[in-house]
1. Among the lysines in segment 1-98, how many pairs, 8 or more places apart or on different chains, have alpha carbons under 15 Å apart?
2. Starting from the Cα of Lys307, draw a straight line to each of the aspartates and glutamates and keep only those under 17 Å, dropping any in the same chain fewer than 8 residues away.
3. Considering only the other residues whose Cβ falls under 15 Å of the Cβ of Asn297, what net charge follows from Lys and Arg at +1 and Asp and Glu at -1?
4. At a Förster distance of 56 Å, what's the computed FRET efficiency of Lys327 paired with Lys38, Cβ-Cβ distance as r, to 0.05?
5. Counting alpha carbon pairs within less than 8 Å and at least 6 residues apart, what relative contact order, in whole percent, applies to the chain?
6. Quick one: which residues, 5 or more positions from Ser127 or on another chain, have an amide H under 5 Å from its amide H? H modelled 1.01 Å from N in the peptide plane, none for Pro or chain starts.
7. Loop only by DSSP, 14 or fewer other Cβ within 10 Å of the Cβ. Give me the GluC sites (Glu not before Pro) in segment 43-103 that pass, ordered by residue number.
8. What's the exposure ranking of Ile17, Ile178, going from fewest to most Cβ atoms within 10 Å?
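Derivation of every value follows stated rules applied to the coordinates shown; laboratory data play no part. Just so it is clear, the structure is predicted and the values come from calculations on it, not from any experiment. Please note: Cβ atoms are built from the backbone with ideal geometry, for glycine as well, and neighbour counts cover all protein chains shown.
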Amino acid sequence: MSKKLFIPGPIEVAPEILQAMASPMIGHRMPEYAALHKRVTDKLKELLFTRGKVFLATSSAFGVMEGAVRNLVGERCANFCNGAFSDKWHDVTKRCGKEADAIKVEWGQPITPELVDATLATGKYDSITLIHNETSTGVMSPLPEIAAVLRKYPEVVSIIDTVSSMSALKIPLDELGIDCCIFGVQKALALPPGLAVFTASAKALERSRTMEGRGYYFDFQEFAAMDEKDNTPSTPCISLIYALDRQLERIFTEGLEARWQRHLALAEYVRGWVRERGFDFLAAGPYRSLTLTCAVNSRDVDLADLKKKLGERGYAFDNGYGKLKGKTFRIAHMGDMQLADLQDFTRQIDDILR
């Protein structure tokens, strides 16, 4: 039985998006593909508030997260870590043979501008990695304030993962001055997984040009050269790009402001439900994610049993990630989700817990 997804990704995909993926195939070196590619990247630039380059890569976001490390980390990287995925990015940086330090805070805590400032003031680092919205803990670090700190360090290249936040709130890349922004499409963009989007500022492309051993598949220079022809270095996942084209149309039809407001309303509903049911939050108030809520299992509920029973009713539930499994649970509220979807889901949980 297929389950309705309330997990933090992949999330529910609208039928018309799945239908768009059934569009007839075209050759990726045909003019029809170049037209599709340009249409999508132009709309993405509008979504990202950037006039810079936007690239499409056929991979999960972690492919480009590794690629960015190979292209942009020169002397030493500061990997800011506050959860499972930021910890993993540090591991990936080391596996790429790069000098790197994990700048760690407790899971559930944000990365603060003060921490970024203190780290970069040492002068040891020419690059940073940061996850804006740490999906494992439901913590959203204050990106505008961090970006303001980064402007004090023009020699540092910023690599920012917005995997589970992009499109749920305003992230104006040019205004923030982010050098490389990376996200997948299976979370707030509500597409099937397999496509990553990334940007590269002039500074990032300049850094990449000087970098040895950046490989081929994620070579930023290859992407920049093919971008001139509205294309990709390797065969792209054309079906997913059709889906992204359709979804971007739907996003702009809804309106960006309306979309951001809907995500805020969904987050507030789930937070209210968590509070009323006597659970705690892993993240402090100002740093709670707008796209998923990570609740602490303060009532000592058998979350594995709850997951099983929700599954039998046709709902996918997440009972914590990594070392937080069983101690927390996460409810996603992103993408095309509506308030009625969440009300139905929380009613099911209430019914089972009763």
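1. Qualifying lysine pairs in segment 1-98: 4.
2. Hits, sequence-local ones excluded: Asp318, Asp344, Asp350, Asp351.
3. +3
4. 0.75
5. Numbers: 685 pairs, mean separation 86.2, N = 354.
Here the relative contact order equals 24 percent.
6. It is Arg76, Ala78, Val157, by chain and number.
7. The qualifying sites are Glu75, Glu99.
8. Working: Ile17 21, Ile178 28.
Ascending number of Cβ neighbours within 10 Å: Ile17, Ile178.
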